[in-house]
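Comments concern the structure below.
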Amino acid sequence: MGRHNLHVLLHTQVTRLVWDENRAVGVEYVQWDNPRLNGPLTPAPKSSCLRAPSTPAHSHLLGRRTRDVLKKFNIPEVSSLGGVGGNLQDHLNLPLYVQLQKPVALNPAKLRTISNLWDYFIHGKGDLGRAAIEGVGVMPVAHSQPEVGVILFNMGAVDSHLYSGISNMKLDYFHSTFPHMDNQSSEGFIFLATCLHPKSRGRIRLVSDDPRHPPSIDPNYLHHPYDLACMRDAFKWVMRLTRTRAMQELGASVHLPRYDECVRKSGRGGEGGGEDTRALYNEYVSCLVRVGAITGYHPLGTARMGRASDPETVVDPELRVLGTKRLRVADASVMPTHISGTPNSAILVIAEKAADMIKETWNDEKSLAQEKICSSSPDCEEKLLAKLSNAAGFSVTAAPSLTTVVTTTLLVFTTRTLAAS
Ligand SMILES: Cc1cc2nc3c(=O)[nH]c(=O)nc-3n(C[C@H](O)[C@H](O)[C@H](O)COP(=O)(O)OP(=O)(O)OC[C@H]3O[C@@H](n4cnc5c(N)ncnc54)[C@H](O)[C@@H]3O)c2cc1C
């Protein structure tokens with residue numbers, strides 16, 4: 001961290017990329033705890049953005065829509081990319097509470113014992129050091145690749161307000177889904193059932209030219225019919241798992257929520273039985289998914305990697321944004337589809353690989369020394385610094401700023417991550 005060419009800025013939000021034609025040459029940012037920089041943010045008169053082209057059918061519509069938005073906010077085009085903001089995919093999780101008759105689960109009452117506190121704070125071990133996610137499974141249904149997954153969250157009771165907030169569930173639905181949460185000694189665990197490779201695609205849209213405004217995010221869950229069928233398969237797998245001998249020895253029973261809209265619609269038919277009962281049961285499970293499923297917080301795909309010939313591609317295999325120079329995206333948004341599991345480890349690999357590729361690019365010190373911050377005109381560096389000084393409302397010292405910008409390859413955060421921040 002003490003390296004002269006590495007600058008880490010905390011509590012900082014990038015508000016705009018600075019361009020010299022199609023070369024990204026800097027970023028503008030605000031620091032929320034820096035009184036010098038943290039003034040009221042006036043949107044720059046013209047900011048730059050990647051926008052959609054008027055290419056084939058689907059992209060053509062996409063392009064027209066996006067172009068209208070950019071026009072509305074007076075944002076000039078840097079590169080025509082139809083895929084920016086599209087291809088949004090997330091895992092939908094169906095939470096199911098499994099009650100147990102044997103005292104094997106973690107719960108708040110067990111965690112808060114003196115011996116657990118002693119073990120954790122003195123020896124750095126014990127139940128308080130356990131990750132509550134203690135089981136993960138994936139399974140194929142009709143094809144060879146895993147299609148459904150479960151996560152086992154080993155916690156018999158959780159704080160209703162905290163967890164309904166995290167899972168973005170209304171409190172009454174939370175209590176229908178998770179009974180006995182007020183009893184801190186409850187024995188049980190939570191299964192999160194998911195469809196690993198959903199086919200529905202959502203979209204992120206710009207709604208303002210003020211970078212502080214989050215974009216609109218439409219995950220478009222369950223739009224593709226495959227996804228609902230796949231979620232039903234995930235549910236059925238959970239039911240099968242809880243009927244295994246090992247689970248039955250622990251007295252496992254799944255709590256099936258009685259959401260008003262599902263019970264009214266289907267009468268909650270039981271499993272098995274005749275055709276009618278099975279149809280009612282399927283209808284109940286579909287309703288359970290529609291009403292009770294929550295985000296897995298795994299959004300990705302909105303700046304997908306691919307071939308340059310594909311109109312939906314945003315970055316090339318080296319994470320460089322097509323049609324621009326010195327600009328890479330390194331986060332979940334470059335993943336074209338989900339992996340067969342949770343995404344974080346794959347994203348760490350992308351970040352490691354990005355670091356290697358950036359180092360590789362700047363390895364040649366001679367070419368680095370000759371690199372100019374901008375090249376569109378002989379006096380463009382002076383003009384750029386003057387422009388930046390005006391926009392930020394403070395003076396910029398030329399030498400260190402240039403060194404910083406030249407030796408830094410810019411990594412941008414997509415609108416998806418901007419929303420998450
Ligand atoms: C509650 C929760 C539980 C999860 N559990 C798991 C799990 O068990 N396993 C798993 O694999 N995944 C899990 N995930 C998903 C995983 O955390 C994400 O997929 C992953 O962190 C995404 O990485 P990223 O680099 O794309 O984005 P992020 O991790 O969101 O990183 C983006 C960073 O950029 C910063 N940023 C954004 N905009 C700007 C800006 N304009 N200027 C400066 N900085 C900016 C943000 O502050 C943030 O630090 C979970 C997510 C959540 C929310």
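The values are calculated or read from the model by the stated rules, or taken from the named source; none is laboratory data. Computed from a prediction, not measured in an experiment: that's the story for all the values here. Because the Cβ atoms are built from the backbone with ideal geometry, glycine has one as well, and the counts that use them run over all protein chains shown. To get the accessible areas, we keep the full protein, side chains included, count just its heavy atoms, and leave off ligands, DNA and RNA. Shrake-Rupley method; radii C 1.70, N 1.55, O 1.52, S 1.80 Å.
In order along segment 325-336, the phi-based Karplus estimate (6.51 cos²θ - 1.76 cosθ + 1.60, θ = phi - 60°) of 3J(HN,Hα) comes to 10, 6, 9, 10, 10, 10, 6, 4, 5, 7, 6, x Hz; Gly and Pro are listed as x. Less than 5 angstrom separates the built amide H of Val141 from those of Glu147, Val148, all sequence-distant by 5 or more or on a different chain.
Packing-based ranking of 351-363, 305-317 yields 305-317, 351-363, ordered from highest to lowest mean Cβ neighbour count within 10 Å.
Per-residue extension of 0.36 nm, minus the Cα-Cα distance of Asp210 and Arg245, leaves a gain of 6.9 nm for this segment.
Rolling a 1.4 Å probe across all protein chains gives Ser80 an accessible area of roughly 50 Å². Residues whose amide H comes within less than 5 Å of that of Gly26, counting only those at least five positions distant or on another chain, are Val18 (H built at 1.01 Å from N in the peptide plane).
For segment 200-217, putting each phi into the Karplus relation 6.51 cos²θ - 1.76 cosθ + 1.60 with θ = phi - 60° gives couplings of 5, 10, x, 7, 10, 10, 6, 10, 7, 8, 8, x, 7, 7, x, x, 7, 10 Hz, in residue order, rounded to whole numbers and with x for Gly and Pro.
Peptides 143-150, 93-100, 187-194 ordered by packing proxy, namely the average of other Cβ atoms within 10 Å per residue, highest first: 187-194, 93-100, 143-150. Only protein heavy atoms count here; under a 1.4 Å probe, Tyr29 has an accessible surface of about 90 Å².
When restricted to Cα atoms, segment 62-183 yields an Rg and a Dmax of 22.6, 64 Å, respectively. The listed residues Lys71, Lys110, once ranked by accessible area (1.4 Å probe) with the largest placed first, stand as Lys71, Lys110. Each 10 Å bin, from zero up to the one with the longest distance, holds this percent of the alpha carbon pairs of segment 300-353: 27, 55, 17, 1. Fully extending the segment from Asp127 to Thr277 would add 49.6 nm, taking 0.36 nm per residue of separation and subtracting the current Cα-Cα distance. May I ask for the net charge around Leu106, where only other residues with Cβ less than 10 Å from the Cβ of Leu106 are counted and Lys, Arg are +1 while Asp, Glu are -1? In short, -1.
Accessible area ranking (1.4 Å probe, heavy atoms, ligands and nucleic acids excluded), largest first, for His161, His197, His180, His91: His161, His180, His197, His91. Phi-derived couplings, Karplus 6.51 cos²θ - 1.76 cosθ + 1.60 at θ = phi - 60°, listed residue by residue for segment 351-362: 5, 4, 5, 4, 4, 4, 5, 5, 4, 4, 4, 9 Hz, with x used for Gly and Pro. Taking label points 7 Å from Cα along the Cα-to-Cβ direction, Phe73 and Lys359 give a separation of 3.6 nm. Remark: for residue pairs Lys125/Lys236; Lys102/Lys199; Lys71/Lys325; Lys71/Lys199, the C-alpha separation exceeds 28 Å in Lys125/Lys236; Lys102/Lys199; Lys71/Lys199.
Segment 146-286 has equivalent-ellipsoid semi-axes of 29, 22, 16 Å, by the square roots of 5 times the alpha carbon gyration tensor eigenvalues, sorted largest first. Separation of segment 167-194 and segment 279-319, taken as the distance between their Cα centroids, equals 25 angstrom. Using the Cα gyration tensor of segment 157-219, with a ≥ b ≥ c the square roots of its eigenvalues, what is the shape: rounded (a/c below 1.5), prolate (a/b larger than b/c) or oblate (neither)? It comes out oblate by the Cα gyration axes. Using the Cβ-Cβ distance between Arg258 and Ala386 with R0 = 60 Å, the FRET efficiency computed as 1/(1 + (r/R0)^6) comes to roughly 0.35.
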